[in-house]
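The values are calculated or read from the model by the stated rules, or taken from the named source; none is laboratory data. The model shown is predicted, which means the values in this text are computed figures rather than measured ones. Don't worry about glycine lacking a Cβ; one is built from the backbone with ideal geometry, like all the others, and counts go over all protein chains shown.
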Ligand SMILES: NC(=O)c1ccc[n+]([C@@H]2O[C@H](COP(=O)([O-])OP(=O)(O)OC[C@H]3O[C@@H](n4cnc5c(N)ncnc54)[C@H](O)[C@@H]3O)[C@@H](O)[C@H]2O)c1
């Protein structure tokens, strides 16, 4: 049995950002409806440098397991923070169907979730998005906002990094003069390592939306607690976010219960309320769901099955596992 291996470049060329938003929307909807399933993510700590995550999901006759890292100090060593592999299998036979670069799948689906949440929760008529943190996943988020027709204002602790990403993304991408300029946008997306809060007390304006993408594990935070509590909070999935997301501290302290927080999928199905007024602040707490990975892996493998000669797949290798 031979299995295709999709490198990062294949994933990025095969799934355009705008298509990724629609694929990820379907993933949130299918999961909220109970059609796609997702056992809890397992963390394997590797102190002091980072951790590994095993993330399974099943749906649309397929199952995935993403084995992926978060090693925040890696860029200083010339290595990516996030890396690993996604295994895609057929649930009718159990056969392995593809191996997919996990870093690229993560970036595509994380950018898509940040943008989907903003599109769902931001005020009608909201303008540009300030993107804070322009690493691998911040860049993917900025790219996805642009693909959906929204201008971005980029800020990174490393000014050179923000300039580099703006130059690469081209028209519609501007570099913020300072953090305040990025945070003043109608929509803010934060994708930092979460070592210190980006959104301090009083930084969110009435009506503003923030997609908080960086705090996806214990001890990380991008927003001060009172600031978070000033917003209508929508998480990606309660069980995961209440243990490992921005809301974990507040849940542990008894300041937030399940009934205080909506899930994005249920907002999309109409079962739960998202934004309730034009002046409400909204915050999306993302920890990253395996169903999002399934959506992107399916999109890559499906496109390859339909058109293996497409230029996106130039150089795809196949491994023979027999
Ligand atoms: N929610 C999700 O689904 C999801 C998915 C992938 C990654 N993440 C998390 O997102 C974070 C970023 O991941 P990455 O792969 O993009 O990392 P990265 O190392 O590639 O990029 C991080 C960027 O943030 C910048 N930065 C650091 N502190 C900052 C600050 N205070 N203000 C502004 N910029 C700052 C760095 O200079 C760097 O450019 C990590 O915590 C990661 O675990 C979450």
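Key figures for this structure:
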| item | result |
| --- | --- |
| Some residue of region 138-146 being within 19 Å of the chain's Cα centre (by Cα), assigned to a helix (DSSP H, G or I) and under 30 Å from residue 320 (Cβ atoms) | no |
| In region 20-52, the residues that are out of contact with any helix residue (DSSP H, G or I) (no Cβ under 7 Å at 6 or more places or on another chain) and either in the same structural domain as residue 150 (by TED's automatic domain parsing) or over 15 Å from residue 294 (Cβ atoms) (or both) | 42, 43, 44, 45, 46, 47, 48, 49, 50, 51, 52 |
| Selected residue (criterion: surrounded by the fewest Cβ atoms within 10 Å (Cβ to Cβ)) from residues of region 139-169 that are touching a residue at least 60 places away in the same chain (Cβ under 8 Å) and under 27 Å from residue 73 (Cα atoms) | 143 |
| Neighbours by Cβ (under 7 Å, 6+ apart or cross-chain): first from region 121-137, on the phi > 0 side of the Ramachandran plot and in the same structural domain as residue 163 (by TED's automatic domain parsing); second within 16 Å of the ligand (Cβ to nearest atom) and outside any strand (DSSP E or B) | 133/156; 133/191; 133/192; 133/214 |
| Total residues in region 68-92, condition farther than 13 Å from residue 294 by Cα, assigned to a strand (DSSP E or B) and either more than 9 Å from the ligand (Cβ to nearest atom) or free of Cβ contacts under 8 Å to residues at least 40 places away in the same chain (or both) | 3 |
| Subset of region 170-206 that is part of a helix (DSSP H, G or I) and buried (at least 19 other Cβ atoms within 10 Å of the Cβ) - its residue that is farthest from the ligand (Cβ to nearest atom) | 183 |
| Condition check for residue 262: under 12 Å from residue 284 (Cα atoms), crowded, with 17+ Cβ neighbours inside 10 Å, modelled with pLDDT of 95 or more and more than 16 Å from the ligand (Cβ to nearest atom) | yes |
| Only one of 69, 37 that is touching a strand residue (DSSP E or B) at 6+ places or on another chain (Cβ under 9 Å) and either crowded, with 18+ Cβ neighbours inside 10 Å or under 24 Å from residue 304 (Cα atoms) (or both) | 69 |
| Single unsatisfied condition, residue 113 versus (1) within 20 Å of residue 275 (Cβ to Cβ); (2) in contact (Cβ under 8 Å) with a residue 40 or more places away in the chain; (3) surrounded by 16 or more Cβ atoms within 10 Å (Cβ to Cβ); (4) away from the ligand (no atom under 11 Å from the Cβ) | (4) |
| Condition met for residue 56 (surrounded by 15 or more Cβ atoms within 10 Å (Cβ to Cβ) and at pLDDT below 95) | no |
| Test: residue in region 103-125 that is more than 28 Å from residue 237 (Cα to Cα), at pLDDT 95 or above and either touching a strand residue (DSSP E or B) at 6+ places or on another chain (Cβ under 7 Å) or assigned to a loop (DSSP other than H, G, I, E, B) (or both) | no |
